[in-house]
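Novice: Handing you this structure, nothing more for now.
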Amino acid sequence: MSTIVMKFGGTSVADAERIARAARRVVKAKESGQQVVVVVSARGHRTDELIALAQEISPKPPTRELAVLLATGEQESIALMAMAIHKLGHEAISQTGGQIGLLSEAVYTKARIKSIDASRITRELNNGRIVIVAGFQGVTESGEITTLGRGASDTTAVALAAVLGAKVCEIYTDVDGVYTADPRLVPDARKIEQISYEEMLELASLGAGVMHNRSIMLAMKYRVPVHVRSSFTDTTGTLITKENPMMEDIVVTGASVAKNLARLILLDVPHKPGMAARIFGALAARNVVVDDIVQSAFAAGSANMTFTVSNEDLDTCQLVLEELRKKIGLGEIVVDPTIAKVSVVGVGMRSHSGVADKMFATLASENINIEMITTSDIKISTLIPQGEADRALRAVHAAFGLHKAGATKTSKARKSTRKTRKGK
Ligand code: ASP
Ligand code: MG
């Protein structure tokens, strides 16, 4: 008998009626002859409310207690979901992260999963039960409750699908799939039918916000097919899966924008071995997540270093740099806190050229100045002023014809450029 993991996000279990609807879907899957594991998030904005409540009590609550508090959101949902399934005449059992032996690192609110003991779940499934698991939470080896970072119920679901060898991990949400761009910003964005793990990973970390980043890394590592779909309709959503030859024909799969970035330029960094290691080592030690980094040396003895961080980390970042300035002798630090990143992603870029060209020409025709360009083999990113971000995204989306189904498929003639790696 095949196993399926169905994960319902906060909006899909927001109230009694929605929980009942999700329960009907779960029962239907069970009645079709599958073993069903359900993962749920906290209802609606419950997690935000709990954080706000904690902050009312103390601006900096102990992280141990915060994890204990936040884990209650998902615990509410599992019990309610199990009740809803019982009412439909099926056997269901709710399980917390601790009960299914989801062991995590000993970091209270951003813990990573270390292992899951599948035996408890398997036993319940073999007894004919539907197992309802609380997302987003685990326990440490010494039994402390942890949470796995905002949005991490997705990660719980994918991890369970991996250990149970599920045939698919379905992510039920309030959108009907992954779009070629955020439909709130680009009205004619289109639902993508199939996307590779790698592309999805790029889009997720570039701000597409559909799924938790780490869940996609796990899915890629363990080859779990993930189906992102709406909990309100029956239409198929987007399948996130391993790369296949058809995907290569599509040069650009999606476009994304990340706002709220800051760019820092360090002038006159001593041009000698070990400088980058010291600077980024010091930032990493303070948990500053650094995005794109560019270093260029143009004069003997000195180099410039440019990089971006999220605005949330900017204060810490500047503090660290000021400390370093005295120690290693940095020149001026130029900060621009109003940067956005617009990117296009597609595995087809590996074998087709002309993508970078088209992207830059599009921004030029919109009179948008590019501050910085970075690339990977399946992505081109441009840093631009935040105020122009939405307009840039729409222009790029239109230029690559992303609003038209299959429009980005290459013609036969262009296929002749295949096999030139890093085509762009
Ligand atoms: N409830 C948690 C959050 O809001 C986890 C999740 O929904 O994935 O971040
Ligand atoms: Mg989510």
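Novice: Give the stretch 157-173 a look and list any residue that's in contact with a helix residue (DSSP H, G or I) (Cβ under 7 Å, 6 or more places away or on another chain), touching a residue at least 60 places away in the same chain (Cβ under 8 Å) and more than 15 Å from ligand 2 (Cβ to nearest atom), or say none.
Specialist: Across the stretch 157-173, the qualifying residues are Ala162, Leu164.
Novice: Also: Of all residues in the stretch 117-134, count the ones that are assigned to a helix (DSSP H, G or I) and either over 16 Å from Thr155 (Cα atoms) or among the basic types (Lys, Arg) (or both).
Specialist: Result for the stretch 117-134: 8.
Novice: What number of residues in the stretch 152-184 are among the charged types (D, E, K, R) and away from ligand 1 (no atom under 16 Å from the Cβ)?
Specialist: Total satisfying the criteria: 4.
Novice: Can you work out which of the residues in the stretch 206-226 that are within 15 Å of ligand 2 (Cβ to nearest atom), not aliphatic (A, V, I, L, M) and not in a loop (DSSP other than H, G, I, E, B) is modelled with the highest pLDDT?
Specialist: Ser215
Novice: Which one is farthest from ligand 1 (Cβ to nearest atom), of the residues in the stretch 231-258 that are surrounded by fewer than 17 Cβ atoms within 10 Å (Cβ to Cβ) and of a type outside the set (Asp, Glu)?
Specialist: Residue satisfying both the conditions and the ranking: Pro245.
Novice: Quick one: which strands (runs of 3 or more DSSP E) sit completely within the stretch 324-389 and have at least 3 residues that are among the polar types (S, T, N, Q) and at pLDDT below 95?
Specialist: 372-376
Novice: Looking only at the stretch 26-62, count how many residues are within 25 Å of the chain's Cα centre (by Cα) and among the basic types (Lys, Arg).
Specialist: Number satisfying all stated conditions: 2.
Novice: Inspect all residues belonging to the stretch 308-321 and state whether any of them is among the aliphatic types (A, V, I, L, M), modelled with pLDDT under 90 and either on the phi > 0 side of the Ramachandran plot or surrounded by fewer than 18 Cβ atoms within 10 Å (Cβ to Cβ) (or both).
Specialist: no
Novice: Moving on to the next point. Can you report the number of residues in the stretch 124-156 which are in contact with a helix residue (DSSP H, G or I) (Cβ under 6 Å, 6 or more places away or on another chain), within 16 Å of ligand 2 (Cβ to nearest atom) and among the β-branched types (Val, Ile, Thr)?
Specialist: Final tally of qualifying residues: 2.
Novice: Looking for whichever is of a type in the set (D, E, K, R), touching a residue at least 60 places away in the same chain (Cβ under 8 Å), in a loop (DSSP other than H, G, I, E, B) and in contact with a His (Cβ under 8 Å, 6 or more places away or on another chain) here; the options are Asp188, Asp182, Asp154, Asp176. Which one fits?
Specialist: Going through Asp188, Asp182, Asp154, Asp176 in turn, just one is of a type in the set (D, E, K, R), touching a residue at least 60 places away in the same chain (Cβ under 8 Å), in a loop (DSSP other than H, G, I, E, B) and in contact with a His (Cβ under 8 Å, 6 or more places away or on another chain): Asp188.
Novice: Moving on to the next point. Return the residues of the stretch 219-265 that are over 24 Å from Val175 (Cβ atoms), touching a Phe, Trp or Tyr at 6+ places or on another chain (Cβ under 8 Å) and of a type in the set (A, V, I, L, M, F, W, C); say none if nothing qualifies.
Specialist: Listed by number, the residues that qualify are Val251, Leu264.
The values are calculated or read from the model by the stated rules, or taken from the named source; none is laboratory data. The structure displayed is predicted, hence computed values, not measured ones. Please note: Cβ atoms are built from the backbone with ideal geometry, for glycine as well, and neighbour counts cover all protein chains shown.
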